[in-house]
Amino acid sequence: MTRPEPLHRDVSGPFWEGLSRRKLMIQRCLTCRRLIFYPRPFCHHCWAADLAWEERPPTGTLYSFTISHVPPSIDFREGWPRFPAVVAIDDDVRMATTLVDIGEPRIGMAVRLVFPDDQEQPLAMPPFTADHA
Amino acid sequence: MPGNSKAVILGYAELPASPANAPPPFPTTLDMCAHLARETIADAGLDRDCIDGLITGSLLESRYFAPATLSEYLGLNLSFGDVVDLGGAGSAGMVWRAAAAIAAGMCRAVLCIAPGMLDRSPDNDWARFGASSPLPGSPQAEFEIPIGMLGQNVPYAMIANRYAAVHGYDAHALARLVAQQRLNANATPGAIFEHVPLSVEAVLASRMIADPLRKLEIVMPCVGGAAILVTDADLVPAAAHRPVRIAGSGEAMSVKSAHHAPDLLCSPVVAAAARAFAMAGSSPSAMHAVQIYDCYSITVLVTLENAGFCGAGEGKALLNSRDLTWRGDFPINTNGGQLGYGQTGLAGGMGHVVEGARQIMGRAGGRQIANCERVFVTGNGGIMSENVALVLEGW
């Protein structure tokens, strides 16, 4: 049994394409100025429809994480990510992700997104690692 | 007078919890609902012809049209039918919806049924990997499912770790909560762990599932179900059990996936509880018991703080120092809660409602709290994403 395949929505195109070019692309509402994630065709903060994609620094803060010992189903038995995490990119942007090469994670630590090596659009949200910069 | 004051809980029925791998007690969800309906109306002492409202949880046999499907099976004529889709908050959510329909003059006697049969169909994505939204167009399918951000264990563990980072973690306090609720379960006929004692040490030694949450701090899925009858106060028969007023209710939700919540430690319980206490003209200190949705130990801790029973970060001290048993000075989940009784699927939340009503009615037998007039009840859906709070009072 294989893992369920990700289903990318068309509105998210620039996000996934941006990752292949080592860029973190996030929408900003031109009316209320807040960032929007996950991608939508409108701003969920103020319901305006005037949005723009912008490149954001691929860094954030570790908001929470866990060490997961039991995968959610047999579909995930292979390479089960052991560090599910939530990263805060901005007050309005939280990403569900995983942690890699992070040693002892600490909530509040600086983290950065690990772009795919292969210039391909990833199928799933990339992981984050410790940001030593 | 608060809008809910016309309505009372007049009767209830509850099945014992049975193991998930045992033969189900009924061949279909419809049959479980019928059993619960017949028991509830008999408990209320009214004729089944008075039932003109029906709220149900989802039916395994019928993806759509649940209220009419169940009404047909039960032979009812309704002026109000509904299905509540708030996860574990659904049962508590049914209570105020029934009261509101009565207050609006739509009906006078509402059967609220929470069946807890298990879905054994092979294509059930929820059962397979805990995904509520696996279909194309779903942000969950795009961003969460592929990385295994699924189910409940991981997100609730993230609430616990966030709590640890902000307030410090006390595994002993949470293990003590579980052990004290188990004492309550040991006094509850029908609880899955009625005959199984549990120590703090055993909780702390149980298998780590998602750090810091251990297996015995997590509910065990069971099969079961419960129902209540909510009626106009004018319908109370002379020989009734003591009716239970729905004195206050509150509900809140904003996001589905916990990581989109602005503050993982500030759940919708804050708003729901504040609204319920305000409507009831009451406060946490006036409660004689609390029946708190307890899918995980951490859920109870965060709920108690969010509902104002103690300040932020003070829940650990409360859980470590008070007597949480039915005999004690701060009774929590006097039937064992779902941790002690078993989580009967989406019906688990109705167990808290029924136990709150049972204590106020004076029908809790060997675990009866003396002079129980007011009970606070919560419902919780998703990852503390949908919350309902109720203040129940004796009439």
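Please specify each residue of the range A:81-106 satisfying the condition of being within 10 Å of chain B (Cβ to nearest Cβ) and of a type in the set (D, E, K, R). Don't jump to the end; show me each part of the working.
Filtering the range A:81-106 for residues within 10 Å of chain B (Cβ to nearest Cβ) gives A:81-88, A:91-98, A:105-106.
Those that are within 10 Å of chain B (Cβ to nearest Cβ) and of a type in the set (D, E, K, R): A:ARG82, A:ASP91, A:ASP92, A:ARG94, A:ARG106.
Take the residues of the range B:210-224 that are in a strand (DSSP E or B) and of a type in the set (Val, Ile, Thr): which is farthest from the other protein chains (Cβ to nearest Cβ)? I'd like the intermediate steps shown before the answer.
Residues of the range B:210-224 that are in a strand (DSSP E or B), as a first pass: B:210, B:213-214, B:218, B:221-224.
Those still in the list that are of a type in the set (Val, Ile, Thr) too: B:218, B:223.
Values: B:ILE218: 10, B:VAL223: 20 Å.
Going through the qualifying residues, I end up with B:VAL223.
Out of B:LEU46, B:LEU54, B:LEU30, I need the residue that is in contact with a Ser or Thr (Cβ under 8 Å, 6 or more places away or on another chain), in a loop (DSSP other than H, G, I, E, B) and not basic (Lys, Arg). Which one?
B:LEU46
Restricting the search to the range B:335-350, which residues are assigned to a loop (DSSP other than H, G, I, E, B) and of a type in the set (Gly, Ala, Ser)? Even if it seems obvious, please write down each step before you answer.
Taking the range B:335-350 first, the residues assigned to a loop (DSSP other than H, G, I, E, B) are B:335-336, B:342, B:344.
Once the filter is applied, which keeps residues that are assigned to a loop (DSSP other than H, G, I, E, B) and of a type in the set (Gly, Ala, Ser), the range B:335-350 yields B:GLY336, B:GLY342.
Can you say whether A:PRO41 is in a loop (DSSP other than H, G, I, E, B), in contact with a helix residue (DSSP H, G or I) (Cβ under 6 Å, 6 or more places away or on another chain) and free of Cβ contacts under 8 Å to residues at least 40 places away in the same chain, as far as the supplied structure shows? Break it down stepwise before answering.
Numbers: in a loop (DSSP other than H, G, I, E, B): yes; in contact with a helix residue (DSSP H, G or I) (Cβ under 6 Å, 6 or more places away or on another chain): yes; free of Cβ contacts under 8 Å to residues at least 40 places away in the same chain: yes.
So A:PRO41 passes the test.
Out of (1) on the phi > 0 side of the Ramachandran plot; (2) not in a loop (DSSP other than H, G, I, E, B), the odd one out for B:ARG275 is which?
(1)
Given the conditions (1) more than 23 Å from A:GLU120 (Cβ to Cβ); (2) among the acidic types (Asp, Glu); (3) within 17 Å of the chain's Cα centre (by Cα), report the number of the one that A:ASP50 does not fulfil.
Failed condition: (3).
Before we move on, is B:ALA240 at pLDDT below 95, part of a loop (DSSP other than H, G, I, E, B) and of a type outside the set (Lys, Arg)? Steps first, please.
On the way: at pLDDT below 95: yes; part of a loop (DSSP other than H, G, I, E, B): yes; of a type outside the set (Lys, Arg): yes.
In short, yes.
When you go through (1) over 23 Å from B:ALA210 (Cα atoms); (2) among the basic types (Lys, Arg); (3) surrounded by 15 or more Cβ atoms within 10 Å (Cβ to Cβ) one by one for A:ARG94, which number turns out not to apply?
Failing condition for A:ARG94: (1).
What do you reckon, is B:GLY137 at positive phi, assigned to a loop (DSSP other than H, G, I, E, B) and within 14 Å of another protein chain (Cβ to nearest Cβ)? First the steps, then the outcome.
Numbers: at positive phi: yes; assigned to a loop (DSSP other than H, G, I, E, B): yes; within 14 Å of another protein chain (Cβ to nearest Cβ): yes.
Judged against the criteria, B:GLY137 is a match.
Given the structure, is A:MET109 at the interface with chain B (Cβ under 8 Å from one of its Cβ atoms) and either more than 12 Å from the chain's Cα centre (by Cα) or crowded, with 19+ Cβ neighbours inside 10 Å (or both)? It would help to see each step written out before you state the result.
Values: at the interface with chain B (Cβ under 8 Å from one of its Cβ atoms): no; either more than 12 Å from the chain's Cα centre (by Cα) or crowded, with 19+ Cβ neighbours inside 10 Å (or both): yes.
Judged against the criteria, A:MET109 is not a match.
Quick one: in the range B:105-131, which of the residues that are within 14 Å of chain A (Cβ to nearest Cβ) and surrounded by 16 or more Cβ atoms within 10 Å (Cβ to Cβ) is modelled with the lowest pLDDT?
Ranking the qualifying residues of the range B:105-131, first place goes to B:ARG128.
For the condition in contact with a Leu (Cβ under 8 Å, 6 or more places away or on another chain), at the interface with chain B (Cβ under 10 Å from one of its Cβ atoms) and either part of a loop (DSSP other than H, G, I, E, B) or crowded, with 17+ Cβ neighbours inside 10 Å (or both), what is the one hit in A:LEU123, A:LEU62? Give the steps one after another, and end with the answer.
On the way: A:LEU123 fails: in contact with a Leu (Cβ under 8 Å, 6 or more places away or on another chain).
From the options A:LEU123, A:LEU62, the qualifying one is A:LEU62.
Would you pick out the residues in the range B:150-198 that are within 14 Å of chain A (Cβ to nearest Cβ) and either surrounded by fewer than 20 Cβ atoms within 10 Å (Cβ to Cβ) or free of Cβ contacts under 8 Å to residues at least 24 places away in the same chain (or both)? Don't jump to the end; show me each part of the working.
Pass one, the range B:150-198, residues within 14 Å of chain A (Cβ to nearest Cβ): B:150-169.
Across the range B:150-198, the qualifying residues are B:LEU150, B:GLY151, B:ALA164, B:ALA165, B:VAL166, B:HIS167, B:GLY168, B:TYR169.
In the range B:140-149, what residues are within 7 Å of another protein chain (Cβ to nearest Cβ) and surrounded by fewer than 23 Cβ atoms within 10 Å (Cβ to Cβ)? So that I can check it myself, show each step before the final result.
Here is the first cut: in the range B:140-149, the ones within 7 Å of another protein chain (Cβ to nearest Cβ) are B:141-149.
Of everything in the range B:140-149, those that are within 7 Å of another protein chain (Cβ to nearest Cβ) and surrounded by fewer than 23 Cβ atoms within 10 Å (Cβ to Cβ) turn out to be B:ALA141, B:PRO146, B:ILE147.
The values are calculated or read from the model by the stated rules, or taken from the named source; none is laboratory data. Only a predicted model underlies this, so the values are computations on that prediction, with no experimental measurement involved. Cβ coordinates were reconstructed from backbone atoms using ideal geometry, including for glycine residues, and neighbour counts include every protein chain displayed.
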